Amino acid sequence: MSKIISVVNQKGGVGKTTTAVNVAAYLSELGKFVLLVDMDPQGNATSGLGIDRSRLPHGVYEALARQKRMHDTVYNTSHEGLRIAPATANLAGASVELVDIERREFQLRDLLSEIKHGYDYIIIDCPPSLGLLTVNSLVAADELLIPVQAEYYALEGLGQLLQTIDLVKTHIHPDLKVLGAVLTMFDKRTRLSTEVMSELYKYFPDNIFRSVIPRSVRLAEAPSFGKSILHYEPHGKGAKAYERLAKEVLERHQQ
């Protein structure tokens, strides 16, 4: 059975795309067949895996617009076992175009239902907003992975995000689960990081990942070279943290 996990947080700059890309990379490294779906019009997950989106003939938008089958929007990456459905510049208009479509919240779920049998994991990188593309990503997912930056303001938007998740569960997708929250950009030298971690337990008392993603220059650099941290600096602390996180994801599904 394939698992569809949306990586979601409406706040920008919390390490969402870094988490989506590197969890997907390490799941493939651990022997799983993985599809990364870039639902963010900024396309950072796409460029972060070394794909020039300006040269792509089509991507997720064309599938949402029913111009292409979802299968035809999938490309190989430099990781064996990891494929990507990329975001092209056209995706920016999709949230407006979806408004008048019947079952607009279910478009991505319907598309992924055609291809999910071919993958062990489908990881969706959501936009930093709570708009229609994010709602589609929530409705399509079995589970949610929520990166939370180890800074005070990162906690402010969590209430709004959890409210949106509850609305989706109540009205559209009652089986949606929070797989867990993961603390990103953690600096153990600062008291603030430790305080944010303790606050996080109030929001997610039972499902915070043990793996903590450190603040790392190498993690920040890797996307500019079009590489996951696995290919950029596989022995660094950032790489080891994402490897542990991917293993924890697998462990939770083996229980």
Restricted to region 210-247, and to residues that are touching a strand residue (DSSP E or B) at 6+ places or on another chain (Cβ under 8 Å) and assigned to a helix (DSSP H, G or I), which residue is farthest from Gln149 (Cα to Cα)? Lys237
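Give the residue that is farthest from the chain's Cα centre (by Cα), with candidates limited to residues of region 239-255 that are at pLDDT below 95 and of a type outside the set (D, E, K, R). If you could, list the steps in order and put the result at the bottom.
To start, the set of residues in region 239-255 that are at pLDDT below 95 comprises 251-255.
In the following step, the residues that additionally are of a type outside the set (D, E, K, R) were identified as 253-255.
Working: His253: 17, Gln254: 21, Gln255: 22 Å.
Top of the filtered list is Gln255.
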Does Arg83 meet the test of being assigned to a helix (DSSP H, G or I), of a type in the set (D, E, K, R), surrounded by 14 or more Cβ atoms within 10 Å (Cβ to Cβ) and at pLDDT 95 or above? no
Given the residues Ser129, Ser47, Ser54, Ser78, which is the only one that is surrounded by fewer than 22 Cβ atoms within 10 Å (Cβ to Cβ), part of a helix (DSSP H, G or I) and touching a Gly at 6+ places or on another chain (Cβ under 9 Å)? Ser47
Report every pair of residues separated by at least 6 positions or lying on different chains whose Cβ atoms are under 9 Å apart, first residue within region 3-25 and part of a loop (DSSP other than H, G, I, E, B), second of a type in the set (Phe, Trp, Tyr). Lys11/Tyr153
Please indicate, with yes or no, whether at least one residue in region 151-166 is aliphatic (A, V, I, L, M), under 17 Å from the mean Cα position of the chain (by Cα), part of a helix (DSSP H, G or I) and within 27 Å of Asp52 (Cα to Cα). no
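Among the residues of region 199-209, what is the count of those that are among the charged types (D, E, K, R) and either in a loop (DSSP other than H, G, I, E, B) or modelled with pLDDT of 90 or more (or both)?
Residues in region 199-209 being among the charged types (D, E, K, R) and either in a loop (DSSP other than H, G, I, E, B) or modelled with pLDDT of 90 or more (or both): 1 in total.
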Inside region 203-230, the number of residues satisfying the requirement of being crowded, with 18+ Cβ neighbours inside 10 Å and either aliphatic (A, V, I, L, M) or closer than 22 Å to Lys32 by Cα (or both) is 11
Looking at region 167-194, which of its residues are free of Cβ contacts under 8 Å to residues at least 12 places away in the same chain and in a helix (DSSP H, G or I)? Leu167, Lys169, Thr170, His171, Arg191, Thr194
Condition check: among the hydrophobic types (A, V, I, L, M, F, W, C), in contact with a helix residue (DSSP H, G or I) (Cβ under 8 Å, 6 or more places away or on another chain) and either assigned to a helix (DSSP H, G or I) or buried (at least 21 other Cβ atoms within 10 Å of the Cβ) (or both). Does Leu98 satisfy that? yes
Applying the selection to region 77-118, what residues are under 20 Å from Ser47 (Cβ atoms) and touching a Leu at 6+ places or on another chain (Cβ under 8 Å)? Thr77, Ser78, His79, Leu82, Arg83, Ile84, Ala85, Pro86, Thr88, Leu91, Ala94
Go through (1) modelled with pLDDT of 95 or more; (2) of a type in the set (A, V, I, L, M, F, W, C); (3) within 25 Å of Gln163 (Cβ to Cβ); (4) surrounded by fewer than 22 Cβ atoms within 10 Å (Cβ to Cβ) one by one and return the number of the condition Phe106 breaks. (1)
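Filter region 226-237 down to the residues that are without any contact (Cβ under 8 Å) to a residue 40 or more places away in the chain and not basic (Lys, Arg) and list them by number.
Tyr232, Glu233, Pro234, His235, Gly236
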Per the filter on region 232-255, residues more than 26 Å from Lys177 (Cα to Cα) and buried (at least 21 other Cβ atoms within 10 Å of the Cβ) are Gly238, Ala239
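The values are calculated or read from the model by the stated rules, or taken from the named source; none is laboratory data. Just so we're clear, the structure is a prediction, and the values are computed from it rather than from any experiment. Don't worry about glycine lacking a Cβ; one is built from the backbone with ideal geometry, like all the others, and counts go over all protein chains shown.
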